[in-house]
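Comments concern the structure below.
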Amino acid sequence: MKLKRIGVDLAKHVFQLHGVDSHEQVKLRKQVKRKDMLNVFRQIEPCLVAMEACGSAHYWARELGKLGHEVRLIAPQFVKPYVKSGKNDANDAEAICEAASRPNMRYVSIKTAEQQAGQAVHRVRSRLIKARTALSNEIRGLLIEFGIVMPNGIAACRRCGAEVLEDAENGLPGMMRRLLAQMLEELEQLSAHIAQVEDQIKQQCREDDRIKRLLKVDGLGPISSSAVVAAVGDAKQFAKSRDLPAWIGIVPKQHSSGGKERLGSITKRGDTYLRTLLIHGARAVVNACKNKTDRKSMWLKGLIARRNKNIATVALANKNARIIWSILTRGEDYRCE
């Protein structure tokens, strides 16, 4: 079968296909079970295949690419305007096919299996840290009901929790003591698991030359550098340096009209996790620039004096994102300012 373009609405078990020929006439409209997906596309001559960038999209993009098809992933918010009438799989597949026909459509770059594995490590680490924080807060909240106040922080929770268990005269009931011991043991297990995951990230940093180059940038550490490489790869999907911070969401919102330019707060689009890491790293650099006289520190101090520390932090995160683009796309080492 010869088609020009196929829109695929992905699902867990049953996929919907919508294909058109060179005259934009509908020639394919069918449901395909997951186990038959690759066999169906083997019988179709290589063409453009469009899918929404959703769960399993990168896997199917890689598999269909091996069959010779040109696969493009579209963000769901860019497909929505092309959906006609009601919401169903057939209409969604048609909308995806129509969206892919637009000459100025934006596409999501296809991630490799290694990139997805790297992102999975960061997701697991983030979940474990949230669980550990929630558990320490629970311990602190339960103990305050018995008149025992603990300071903030994981280390303080461990230390004070052990002291509470050792103190036999604090009036803590036996049942609560046993429960506290179990919770502190769970806290240690979470910390050990986080350490194991971070060891995997450090191992990746030792093996990947791109991460080694990023580590030389002020404000980037092993966590943020590996997260950047996992998210954007070589960053060549971005045409210019401004595109990467815009994708991350650390550029100003624009609401301009009638020749009057209005810029607001940052857009906060894109990868929240990556944006958080870059801004936290930039904040550490801003806090340490007070007694430094290098070019970047002088620029930061001047910006802090004119505006404020938070604006300077976001400005540095934006600058670092542009530096990241330059290092990854050109394969060069970072040249300190």
inquiry  = Explain nothing, just the number: dipole magnitude of segment 113-207 about its Cα centre with +1 on each Lys and Arg Cβ and -1 on each Asp and Glu Cβ, in debye rounded to the nearest 20.
reply    = 360 debye
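On full extension of the chain, what length is gained from M175 through R322, given 0.36 nm per residue of separation minus the C-alpha to C-alpha distance?
Extra length from M175 to R322 when fully extended: 47.3 nm.
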message = Please compute the length gained on full extension between A192 and Q43, using 0.36 nm multiplied by the number of residues separating them and subtracting their Cα-Cα distance.
response = 48.6 nm
message = Could you tell me the extents of segment 235-290's C-alpha atoms along the three principal axes, largest first, rounded to whole Å?
response = 42, 31, 19
message = How far apart, in nanometres, would the label points at K33 and K4 be if each is projected 7 angstrom from Cα along the Cα-to-Cβ direction?
response = 3.4 nm
request  = Quote the FRET efficiency, to the nearest 0.05, computed for K202 versus A284 with a Förster distance R0 of 25 Å and r equal to the Cβ-Cβ distance.
outcome  = 0.85
message = Nearest 5 percent is fine: what portion of the DSSP beta bridges confined to the chain is antiparallel?
response = 65 percent
key: Calculated SAXS-style log₁₀ I(q)/I(0) at q = 0.18, 0.21 Å⁻¹ - segment 5-99, Debye, Cα scatterers   = -0.74, -1.04
message = Per q in 0.24 Å⁻¹, report the Debye log10 I(q)/I(0) for segment 113-207, using one uniform scatterer on each alpha carbon and no solvent.
response = -1.18
Convex hull projection area averaged over all views, the chain, Cα basis, nm² = 25.2 nm²
remark   = Here the equivalent ellipsoid of segment 175-333, derived from its Cα gyration tensor, has semi-axes (largest first, whole Å) of 33, 21, 18
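We did not get these values from a lab; they are worked out from the coordinates using the rules stated. Not measured: the values here are computed from a predicted model. FYI the Cβ positions are ideal-geometry reconstructions off the backbone, even for glycines, and counts take in every protein chain you see.
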